[in-house]
Amino acid sequence: MSIRDPVTGYEYPEGWVLACTDADARRQVVDGLAVLTSGGTILRRGFTTGTTAAAACKAAVLSLRKPVSSVFITLPCGLRCEVAAVGKDGSGSARKYSGDYTDDITANMLFCAEAQETASGITIHVGEGIGRFVRETPRYAVGDPAVSPPSWTTIRGAAKEAADELHLPGVVVKLTIPDGAAIGRETLNPKVGVIGGISVLGSTGLVEPWDDHLSDDVFERIRRAERPVLTTGRVGLRYARMLFPDSEVVLVGKFMGKGIEAAGGKAVLCGLPALILKFINPDILDGSGYETVEESTMSENWTRLLEQNLLDYKRRMPNMRVVIVDREGHVQGDSQ
């Protein structure tokens, strides 16, 4: 008996699958809504802010014709999921479901949307509670809302799907997050130049239930691999699999140090620059004038900075390889 995670592509060991005797739990794993642990129990994935925003917007549009209590959303990872949302008379709302991720500061946060029929097109406006950039970054200009490209695609797609279902020529939807400004101040947003609210994010549409139990299983995968490839996020996971198709690629998030330890100091770190470079050199931004690694990538000294840090880490950890990619999958640096 085998089960492959439709989100990560990881094929769970047969022993893990056999240990899971709950048919409903196995179904959630098959559907990508939960992850399986070595003991046969599951940890439920949650929905990202991007998915929640899309659900509120779709509920608002659908409710122009009839009340709704849930909507189906096509996530960036390709899965189609039912998301709890309510809508009536053009007003929609959804609360963020965090699954078994216990440290989610945005858990149960309310997302609201107002929809109006228009003559043509799909227009999305973002308002209260959604942060905006006050500094230019490689991906965003000053004043841009902190909404990631996958989230924009999901939100617009959900609104269009609802408009098509109702045969509407067009709609305009305004998205707000009433408590976004207050919660945003408690996140890292101000440090990365996002003020006035939270960020609407989600590269897969799902929140991973990172906790100590899941991490133990992740480390077990690492220990079994000959030379695992460790990555920090979904973008890195996708490109790491392309660059290292014959290797065990494991998403370790913030647990890079533990991952390297589990690998016996012999592994590959592959992914976007921010987390990896801050890990190999916590002082990388000291004296640079930049608040984040992403901002430093715009500097004329970026190539030199990257090469020097990769070289220094190679000297300290000769059995480790570091491969830095950008968001298009181009290799920016390789310590090998």
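The values are calculated or read from the model by the stated rules, or taken from the named source; none is laboratory data. Note that the structure is predicted; figures quoted are calculated from it, not measured. Note that we place each Cβ from the backbone using ideal geometry, even for glycine, and neighbour counts take in every protein chain shown.
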Going by the conditions given, is Glu294 surrounded by 12 or more Cβ atoms within 10 Å (Cβ to Cβ), at negative phi, modelled with pLDDT under 90 and within 23 Å of the chain's Cα centre (by Cα)? yes
Unique match (being hydrophobic (A, V, I, L, M, F, W, C), modelled with pLDDT of 95 or more and closer than 22 Å to Arg241 by Cα) among Val322, Val331: Val322
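Please determine whether any residue of region 141-164 is at positive phi, among the polar types (S, T, N, Q) and assigned by TED's automatic domain parsing to the domain that holds Ser70.
No, region 141-164 contains no residue that is at positive phi, among the polar types (S, T, N, Q) and assigned by TED's automatic domain parsing to the domain that holds Ser70.
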Using the structure shown, decide if Leu64 is more than 19 Å from Tyr97 (Cβ to Cβ) and within 21 Å of the chain's Cα centre (by Cα). no
Determine whether Leu277 is under 24 Å from the mean Cα position of the chain (by Cα), surrounded by 21 or more Cβ atoms within 10 Å (Cβ to Cβ) and closer than 25 Å to Pro6 by Cα. no
Take Val142 and tell me if it is within 30 Å of Glu294 (Cα to Cα) and free of Cβ contacts under 8 Å to residues at least 60 places away in the same chain. yes
Among the residues of region 8-16, is there at least one that is without any contact (Cβ under 8 Å) to a residue 40 or more places away in the chain, assigned to a strand (DSSP E or B) and not assigned by TED's automatic domain parsing to the domain that holds Lys174? yes
Considering each of Val250, Val194, Val218, Val207 in turn, give the residue that is in contact (Cβ under 8 Å) with a residue 24 or more places away in the chain, farther than 29 Å from Ser296 by Cα and aliphatic (A, V, I, L, M). Val218
